[in-house]
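Colleague: My questions all concern the structure below.
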Amino acid sequence: MSERVSDKTAKVFLARTARSLRSGIRAFTGRISLPLIIVTVWQLASMTGLVSPTLLPSPIHVGETVAYLIGSGDLWRHISASGVRVIQGFAAAAALALILGISMGIFNRLGRFVDFLIQILKPVPPIAWIPLSVLWFGIDEGAKVFIIVLGSFFPILTTTVDAIRQTDQRYVELARTLELPRHLFIRKIMLPGAAPQIMSGLRVGLAMAWMCVVAAELIAASSGVGFLIMDGRAMSQADLVLAGMLTMGVLGKITDDILRAVEQPLILWRPRFKGATRP
């Protein structure tokens, strides 16, 4: 009898494992199908001469360039330089934006006092700050990190303020009725309710940090993925430009996945819609 139960349990386990494996394969195939189609069309266009290899090198040529950069160690040198700048800039921007954003969302007077200046500065692109950043910080790392901070700060700040101010009014009225102390209301109700949107703002800010590192590395940089891209442009090497763009895209994806992995255990109550499976 026990042998039959164990055999049945093993069969159920194997069936579930097979279903999970098939589901994972389907999900992975769905994710990479579009990039594979684009790369295939791109390669065919290069082979048939529809596009100039000088203007748009083939995927194989770009892959060879990436392999050369990896083999020579140059790619890791550029990645580490940009990575340090992005981490420093994003961390500083996140800390400042979260503190100011939560404060603006909670205290109306502070929000009204600061909002006008924020709305004026927000549309100014980070690249426009390069001349001032050089005057203020010189051509050292401080100027580069400052540009990244500016790019990440405003998306995180705006999202944080909106998240705090979208607290459900029913909870606010309930807290007043129960005479809940302000610090408990903020810690137990307001911040947990705003956390999902704040995390989304952090992910947008992180993406902006990777975008701004290219502009930051215009400031007398000798290493970095942005420097690699600009160096390829200066030498008219499109393969080097594309290799740098591909590297930056992969780095942005990896860091976004890390932030998403941190988010999941912190916000277990967040409702998630995985998309309709049928039209």
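The values are calculated or read from the model by the stated rules, or taken from the named source; none is laboratory data. Values in this document were obtained by computation on a predicted structure and should not be read as measured data. Cβ: placed from backbone, ideal geometry, glycine included. Neighbour counts: every protein chain shown. We work out accessible area using only protein heavy atoms, side chains counted, and drop any ligands, DNA or RNA first. Shrake-Rupley method; radii C 1.70, N 1.55, O 1.52, S 1.80 Å.
Colleague: Specify which residue in the list LEU69, SER52, PHE90 is farthest towards the positive end of the charge dipole of the chain, using unit charges on the beta carbon of Lys, Arg (+1) and Asp, Glu (-1), about the Cα centre.
Modeller: Farthest along the dipole direction, towards plus: PHE90.
Colleague: Something else: What aspartates and glutamates sit close enough to LYS188 to cross-link, taking a C-alpha to C-alpha distance under 19 Å and skipping anything fewer than 8 places away on the same chain?
Modeller: In chain and number order, the partners are ASP162, ASP168, GLU173, GLU179, GLU263.
Colleague: Which aspartates and glutamates have a Cα less than 12 Å from the Cα of LYS144, not counting those fewer than 8 places away in the same chain?
Modeller: In chain and number order, the partners are GLU217.
Colleague: If packing is taken as the mean number of other Cβ atoms within 10 Å per residue, what is the order of 84-90, 257-263, highest first?
Modeller: Those peptides, ordered most packed to least, come out 84-90, 257-263.
Colleague: If I take R0 = 41 Å and measure r between the Cβ atoms of LEU50 and LYS253 in this structure, what FRET efficiency does the formula 1/(1 + (r/R0)^6) give, to the nearest 0.05?
Modeller: After rounding to 0.05, the efficiency reads 0.90.
Colleague: With the dipole of the chain worked out from charges on the C-beta (+1 for Lys and Arg, -1 for Asp and Glu) around the Cα centre, which of ALA234, SER222, ALA143 lies farthest toward the positive end?
Modeller: ALA143
Colleague: Tell me, in nm to one decimal, what length is gained between ASN108 and LYS188 on full extension, where the rule is 0.36 nm per residue of separation less the Cα-Cα distance?
Modeller: Working it through step by step, the gained length comes to 26.8 nm.
Colleague: Next question, about the same structure. In debye, nearest 20: dipole of the range 142-201 around its Cα centre with unit charges on the Cβ of K, R (+) and D, E (-)?
Modeller: For the range 142-201, the charge dipole is close to 140 debye.
Colleague: Between GLN119 and LEU178, how high is the FRET efficiency from 1/(1 + (r/R0)^6) when r is the Cβ-Cβ distance and R₀ = 35 Å? Nearest 0.05. Write out the running numbers ahead of the final one.
Modeller: On the way: r = 36 Å, r/R0 = 1.03.
Here the calculated transfer efficiency is 0.45.
Colleague: Another question, if that's okay. Can you give me the span-like helices of the chain, meaning DSSP H runs with 30 Å or more of Cα extent along the axis and Kyte-Doolittle mean at or above 0.0? Could you put the intermediate results ahead of the total?
Modeller: Values: long enough: 2-47 (64 Å, 0.31); 74-106 (47 Å, 1.19); 141-165 (36 Å, 1.18); 191-216 (35 Å, 1.28); 238-266 (42 Å, 0.81).
For the chain, where a helix must reach 30 Å along its axis and average at least 0.0, the hits are 2-47, 74-106, 141-165, 191-216, 238-266.
Colleague: Could you work out the relative contact order of the chain, using alpha carbon pairs under 8 angstrom and six or more residues apart, expressed as a whole percent? Could the numbers behind the result be given before it?
Modeller: Numbers: 255 pairs, mean separation 61.0, N = 279.
Relative contact order for the chain comes out at 22 percent.
Colleague: Using a 1.4 angstrom probe on the protein heavy atoms only, line up TRP210, TRP76, TRP129 by accessible area, largest first. Mind showing how you got there, number by number?
Modeller: Working: TRP210 20, TRP76 180, TRP129 45 Å².
The ordering from most to least exposed comes out as TRP76, TRP129, TRP210.
Colleague: How many angstrom separate the Cα center of the range 89-134 from the Cα center of the range 221-239?
Modeller: 31
Colleague: Roughly how many debye, to the nearest 20, is the charge dipole of the chain about its Cα centre, given +1 on each Lys and Arg Cβ, -1 on each Asp and Glu Cβ, and no other charges?
Modeller: That gives a dipole near 1460 debye.
Colleague: Testing the spin-label approximation: label points 7 Å from Cα along Cα→Cβ at LEU266 and ARG77. State their distance in nm.
Modeller: 3.5
Colleague: Another one. For the chain, taking Cα atoms only, what is the radius of gyration to one decimal and the Dmax to the nearest whole Å?
Modeller: 24.6, 83
Colleague: Under a 10 Å cutoff between Cα atoms, tell me which one of LEU110, LEU184, LEU69 has the largest fluctuation in the Gaussian network model of the chain.
Modeller: Maximum among the listed residues: LEU184.
Colleague: Quick check: at a probe of 1.4 Å, how many percent of the accessible area of the range 115-247 sits on carbon and sulfur atoms?
Modeller: 66
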